[in-house]
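Trainee: Provided herewith is a single structure, encoded as C-alpha cells, for subsequent inquiry.
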Amino acid sequence: MDVPARVSRRAAAAAATMLLRTARVPRECWFLPTALLCAYGFFANLRPSEPFLTPYLLGPDKNLTQREVFNEIYPVWTYSYLVLLFPVFLATDYLRYKPVILLQGFSLIVTWFMLLYAQGLLAIQFLEFFYGIATAAEIAYYSYIYSVVDLGMYQKVTSYCRSATLVGFTVGSVLGQILVSVAGWLLFSLNVISLTCVSVAFAVAWFLPMPQKSLFFHHIPASCHRVNGIKEPKADWLRVLKVLWNDFLICYSSRPLLCWSVWWALSTCGYFQVVNYAQGLWEEVKPPHSAVIYNGGVEAVSTLLGAGAVFAVGYIKISWSTWGEIMLFLCSLLIAAAVYTMDTVRDIWVCYASYVIFRIIYMVLITIATFQIAANLSMERYALVFGVNTFIALALQTLLTLIVVDAKGLGLKITTQFLIYATYFAAISVFFLASGAFSVIKKCRKQEEPSSSPPQAAAP
C-alpha cells in the first residue's frame, strides 16, 4: 500500500491558449487554496502505521498468513489502480477536481477504518480496493491547484504541494518508529492515529474552493456563465477524446520523450513492486528472535536522503540529449544490483541499506525524467503524458503481478519475486545500453560527416 511516490517543443498556439485561459490573480486568491491543499496533502500522508502494514496484517490483530497477504491481498491494489486510473482521470477533469479529492479522502478513511476493524481475507481484499480508489484519485490532488492559480505561480505552488506530501510522509514514518521503538505502542494504535489524520485531511478538503474551469471539459470562466441567457455548453466527450488522441500522437512522435517515457513506465512498474513488497522481504530476512522493527526509520531516511539527492539534481550539468540514455543504463544497473543485494544477502541491515539506495536512485531518475518530459510541454500535454506513462506502468505491473505474485498465477515466494525484480531492472539497463550506444555513435558520425557541398572555385 505504500505507494508513493511527476517532448516535442510546445507550440505557440498552445502557449497562447494557456496564457489566455489563465488570468492574473492577486496573492490572496492563490494563497488560500494552496494552503488548504498543502494541509490536505500533509495530513493525508501523515500515516505512521503505513511502514508497519505487513507486520500488522501478519500479527495477532489480523492473523493472516504470508501467502494470503502477499499473493491474495496486495495484488488487489494493483488491479484496482489499473482499472480505475483512466476513468478517474476523466472524472477529475469533468467534475473539476474537488469532488475527486473528497472521494480520495473518504476512501482513505474507509481504508484505515477497515484496517482497524475488518477481519478475514475477503474484507481486507475489499480494503485494498478502496485504497486503489484513493491512489487513482491522487491525480486530482496534483492537478487541482493549476485550475485556481496563475500560470506564473505554477512552479511555486507545485513545490509547496509536493513538499507537503513529502513532509507528511516523513513525519508519519518518524512518528511511527518512535512510538513503536521508544514508547512501545501497539500497531493497532498507530492505525488509530492514521485514521485520525486522514479524517482531518477529509475535513480540510471541504473548504477548498470549487474551480470554475478545467483542462479539457470546462473552459468558460464563471463570470461568463448564463450571460444574456447563454448557458455553459455541455461537455463534449467525443471532442475531448479526439484532443487527447491528437496530443498523444504529437507527444510520442518525439524520440527524446519516447525514450524517457519508456524508462518511466518500465521502472515505475518495478518500483511499485519493490516498494509494495519490501516489508514482506524484511519480514523474511530479519532474525526470528528480533522483536524490534525499524521500517518507519528506513522509510523516513530513504525519503529524506532522496529529497536531498533530488535537490542536488538541479545543479548537475550534463548534456542529457547525448548522455541521457547511458545514464539510464548505469542507474538502472545500480538499481538492479541494489534489489539483488536486498534479496540475496540475508542481513536485515544490508537489506535496509540497499532499499535506501534503491529509492534514492529511482527518485533522482524519475525527477530527471519528469523535467525532461515537462520542459517543453504545455500543462495539458504534461498531464496526458503523465497519465499514459502511469497507465502503461500499471498495465505492466498488473501483468507482472498476475504471473509472479498472484496465487492464481505462479504465486512465488517473496525471495524469488525479488530475484525476478532484480533481473527485470537488469533487462532495462541492457535495453538502454544498446539504445544509448546507438544514439551516441549516430551523433558522433553525424558530427564527423564532411560537408556535402563542393568547395567554391576562386574568382579569377
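Trainee: Would you please name the residue that is nearest to Ala336 (Cα to Cα), looking only at residues in segment 237-249 that are open to solvent by less than 70 Å² (accessible area, probe 1.4 Å) and more than 23 Å from the chain's Cα centre (by Cα)?
Mentor: Checking each candidate, the answer is Val243.
Trainee: Output the helices (runs of 4 or more DSSP H) that fall wholly within segment 1-84 and possess 1 or more residues being modelled with pLDDT under 90, of a type in the set (Lys, Arg) and at negative phi, or say none.
Mentor: Of the helices (runs of 4 or more DSSP H) lying wholly inside segment 1-84, those with at least 1 residues that are modelled with pLDDT under 90, of a type in the set (Lys, Arg) and at negative phi span 12-21, 27-45.
Trainee: May I ask you to verify whether Ile293 is outside any helix (DSSP H, G or I) and surrounded by 18 or more Cβ atoms within 10 Å (Cβ to Cβ)?
Mentor: yes
Trainee: What pairs come out if I take residues in segment 298-327 that are aromatic (Phe, Trp, Tyr) and pair them with residues that are assigned to a helix (DSSP H, G or I) whose C-beta lies under 7 Å away, six or more apart or interchain?
Mentor: Matching pairs, first to second residue: Trp320/Gln372.
Trainee: Got a number for residues in segment 85-96 being surrounded by fewer than 23 Cβ atoms within 10 Å (Cβ to Cβ) and either of a type in the set (Phe, Trp, Tyr) or not in a helix (DSSP H, G or I) (or both)?
Mentor: 4
Trainee: Restricting attention to segment 63-71, does a residue exist that is surrounded by 23 or more Cβ atoms within 10 Å (Cβ to Cβ) and touching a Phe, Trp or Tyr at 6+ places or on another chain (Cβ under 7 Å)?
Mentor: The answer is yes; a qualifying residue exists.
Trainee: Right, here's the next one. Restrict the check to segment 302-316 and report whether at least one residue is open to solvent by less than 10 Å² (accessible area, probe 1.4 Å) and modelled with pLDDT of 90 or more.
Mentor: Among the residues of segment 302-316, at least one is open to solvent by less than 10 Å² (accessible area, probe 1.4 Å) and modelled with pLDDT of 90 or more, which makes the answer yes.
Trainee: Quick one: how many residues across segment 251-262 are at pLDDT 75 or above and either part of a helix (DSSP H, G or I) or under 18 Å from the mean Cα position of the chain (by Cα) (or both)?
Mentor: The number of residues fulfilling the criteria is 8.
Trainee: For residues that are modelled with pLDDT of 90 or more and among the aliphatic types (A, V, I, L, M), scanning just segment 263-285, find the one that is surrounded by the most Cβ atoms within 10 Å (Cβ to Cβ).
Mentor: Applying the filter and picking the extreme gives Ala278.
Trainee: I'm checking my understanding of the structure. Among residues of segment 317-341 that are part of a helix (DSSP H, G or I) and of a type in the set (Gly, Ala, Ser), which one is surrounded by the most Cβ atoms within 10 Å (Cβ to Cβ)?
Mentor: Going through the qualifying residues, I end up with Ser332.
Trainee: Still on this structure: Could you list, in sequence order, all residues of segment 97-119 that are within 21 Å of the chain's Cα centre (by Cα) and either over 20 Å from Asn45 (Cβ atoms) or outside any helix (DSSP H, G or I) (or both)?
Mentor: Tyr97, Pro99, listed by residue number.
Trainee: Can I ask one more? When the residues of segment 264-293 are narrowed to those that are of a type in the set (Ser, Thr, Tyr) and under 21 Å from the mean Cα position of the chain (by Cα), which ends up nearest to Val182 (Cα to Cα)?
Mentor: Tyr277
Trainee: Just checking, does segment 142-159 include any residue being open to solvent by 10 Å² or more (accessible area, probe 1.4 Å), touching a helix residue (DSSP H, G or I) at 6+ places or on another chain (Cβ under 7 Å) and of a type in the set (S, T, N, Q)?
Mentor: yes
Trainee: Next up: Which residue pairs have Cβ atoms closer than 9 Å, lie 6 or more positions apart in sequence or on different chains, and pair a first residue in segment 348-361 that is at positive phi with a second residue that is open to solvent by 20 Å² or more (accessible area, probe 1.4 Å)?
Mentor: Every condition considered, no pair remains.
Trainee: Another question about this same structure. Can you confirm whether Glu128 is open to solvent by less than 20 Å² (accessible area, probe 1.4 Å) and modelled with pLDDT of 85 or more?
Mentor: Spelling it out, Glu128 is indeed open to solvent by less than 20 Å² (accessible area, probe 1.4 Å) and modelled with pLDDT of 85 or more.
Trainee: I'd like the full set of residues that are under 23 Å from the mean Cα position of the chain (by Cα) and not polar (S, T, N, Q), limited to segment 176-199.
Mentor: Gly176, Leu195, Cys197, Val198
The values are calculated or read from the model by the stated rules, or taken from the named source; none is laboratory data. Source: prediction; values computed, not measured. Positions of Cβ are backbone-derived with ideal geometry, glycine not excepted, and every protein chain shown enters the neighbour counts. When the accessible area is computed, the model is the full protein with side chains, heavy atoms only, and any ligands, DNA or RNA have been set aside. Shrake-Rupley method; radii C 1.70, N 1.55, O 1.52, S 1.80 Å.
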